[in-house]
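Below you'll find the structure, written out as structure tokens, and then a few comments.
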Amino acid sequence: MAFLDLLDSPHSTIPPYARSLHLEESLAQVEAESRWLDAVLPRFTALYSLETLAISNGCFDTQGPPAEDIPGFFASFRTLQTLSLTRCAFDTRAQIYEVLHSIPSLGHLMLDCFILNHPEIDPVSITPPTFPLRHLNIGHAHGKEDLLVWLASGKQISALATPQLESIEAGHWILFAFAWSFSEEPCTNIYSQRVHNRRPTCVYFYLFIW
């Protein structure tokens, strides 16, 4: 771990210039195989100038670092604008909401194949998001419909320009699309389209059955 020693050294010159970081945990072949990423996550908080963070195969549930430490990890990147999480495990929906809440400048969010250990546990209280989200890409994931409803509850939904969503239940998509379609920004996606940069007078939904 010589590189990490250099990274978080008080004399390191790396942090001010590091803008992008991609961390990928190798998929364990056997149960006893150690997960290096869980152990070293806190050391990467030295990169205080990050604007883009991508994590693959992160373990943010009870198997990894203490759940209460995870939001603090993301909150340490005060300039973070783009977050990509692929095949990452979380404990509950509340944990995901808290993680996203901790990134005040989040403008581009990509989630794919994330796992919820306890999707049945409802958050005790839910605070609408306030980060300036402009680009959203959600692939296959547990509890993504509830995540969409939460994202749609915040005023920042009006600035969303390019949502890309996969396999969303009709009822949740309608709630999300209704909130998004009446935003101030002109935007287009495969489900709804602006005309002449004005608010739509109606919203069309297409259901394909095959």
When (1) of a type in the set (Val, Ile, Thr); (2) modelled with pLDDT under 90; (3) surrounded by fewer than 17 Cβ atoms within 10 Å (Cβ to Cβ) are applied to Thr79, the one that fails is (2)
Of the conditions (1) at pLDDT 80 or above; (2) surrounded by fewer than 16 Cβ atoms within 10 Å (Cβ to Cβ); (3) polar (S, T, N, Q), the single one that Ser84 does not satisfy is (2)
Where Gln164 falls short, out of the listed (1) assigned to a strand (DSSP E or B); (2) crowded, with 19+ Cβ neighbours inside 10 Å; (3) modelled with pLDDT under 80: (2)
Tell me, which residue of the stretch 99-126 that is of a type in the set (S, T, N, Q) and modelled with pLDDT of 85 or more is surrounded by the most Cβ atoms within 10 Å (Cβ to Cβ)? Ser102
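The values are calculated or read from the model by the stated rules, or taken from the named source; none is laboratory data. What you see is a predicted model; the values in this text were computed from it and never measured. All Cβ positions, even for glycine, are placed from backbone atoms using ideal geometry, and neighbour counts span all protein chains on display.
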